[in-house]
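The values are calculated or read from the model by the stated rules, or taken from the named source; none is laboratory data. All of these numbers come straight from a predicted model, not from anything done at the bench. Neighbour counts run over all protein chains shown; Cβ positions are idealised from the backbone, glycine included. To get the accessible areas, we keep the full protein, side chains included, count just its heavy atoms, and leave off ligands, DNA and RNA. Shrake-Rupley method; radii C 1.70, N 1.55, O 1.52, S 1.80 Å.
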Amino acid sequence: MDLDELQRQHDELEALAARFGQAIADDGNPQRLGTLRWQFARLLMAHLALEDRILYPNIQRQDHDLLRETARRLEIEMAPIARTFSAYMSRWSDDRIEREWADFCYESRQILDAVLKRIKKEEGLLMPLLTEAGLIETPPIRRAG
């Protein structure tokens, strides 16, 4: 199983989340970040679709009980995060962001935190099991920093 694209997306999501986090660090100073927010949203949705269509179905066909159960649990846990993110994107228009900047910053930090925790959890739980099951030779090497 080639996980390079999923890992690349994780890395890119983390980089975009860091830029987004910097832009909302000052909840008293509204920033224009529509493009950045939509880049993050598009990549996250593409990533989730790739996991749903390819990664998790492939894992469910493997003969490794712990891997299948862990993947099933992670897949179930992701559903509320995806729904929350979708609702967040719908709720926050550019005009509303400008009017309610502090609230937008607070909610954005919550969303970013949930997505980043999810990435870490997936990498910490799933990658070792994929290696153990012989589906990848070694876990992807994370970049420093």
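Put simply, the amide H of residue 135, placed in the peptide plane, has no neighbours under 5 Å, leaving out anything fewer than 5 places away on its chain. Near the amide H of residue 92, within less than 5 Å, lie no amide hydrogens of residues on another chain or at least 5 residues away, with H placed in the peptide plane.
Rounding to the nearest 10 and keeping the result within 0 to 90°, find how far the Cα-based axis of helix 101-132 lies from the longest principal axis of the chain. For 101-132 against the chain, the angle is about 10 degrees.
What dipole magnitude, in Debye to the nearest 20, does the chain give about its Cα centre under +1 on Lys/Arg Cβ and -1 on Asp/Glu Cβ?
The calculated dipole for the chain is roughly 240 debye.
Just to be sure I follow: if Rg is taken over the C-alpha atoms of segment 1-57 and Rh is the Kirkwood radius over the same atoms, what is Rg/Rh? On the Cα set of segment 1-57, Rg over Rh gives 1.10.
Using a 1.4 Å probe on the protein chains only, how many percent of the accessible area of segment 3-133 belongs to carbon and sulfur? Carbon-and-sulfur percentage of accessible area, whole number: 52. Global size of the chain: 16.7, 53 Å for Rg and Dmax (C-alpha atoms, Rg to one decimal, Dmax whole). 3J(HN,Hα) couplings calculated from phi for segment 28-43 with the Karplus curve 6.51 cos²θ - 1.76 cosθ + 1.60 (θ = phi - 60°) are, in sequence order, x, 10, x, 10, 8, 9, x, 5, 4, 4, 6, 4, 4, 4, 4, 5 Hz; Gly and Pro show x. Sequence-ordered 3J(HN,Hα) estimates for segment 21-27 from the Karplus curve with 6.51, -1.76 and 1.60 and θ = phi - 60° stand at x, 5, 5, 9, 5, 9, 6 Hz, glycine and proline given as x.
Each residue of segment 47-58 is assigned a 3J(HN,Hα), and the resulting list reads 5, 5, 5, 4, 5, 5, 7, 10, 4, 5, x, 5 Hz, derived from the Karplus form 6.51 cos²θ - 1.76 cosθ + 1.60 (θ = phi - 60°), x at Gly and Pro. With semi-axes defined as the square roots of five times the eigenvalues of the C-alpha gyration tensor, the equivalent ellipsoid of segment 37-116 measures 32, 12, 8 Å, largest first.
Against the main long axis of the alpha-carbon atoms of the chain, helix 65-91 sits at an angle near 20°.
Look at the alpha carbon pairs under 8 Å that are at least 6 residues apart: their mean separation over the length of the chain gives a relative contact order of 33 percent. Annotation: extensible slack from residue 3 through residue 88 equals 27.7 nm (criterion: 0.36 nm per residue apart, minus Cα-Cα distance). Solvent exposure of the chain amounts to 57 Å² per residue of accessible area, where only protein heavy atoms count and the probe is 1.4 Å.
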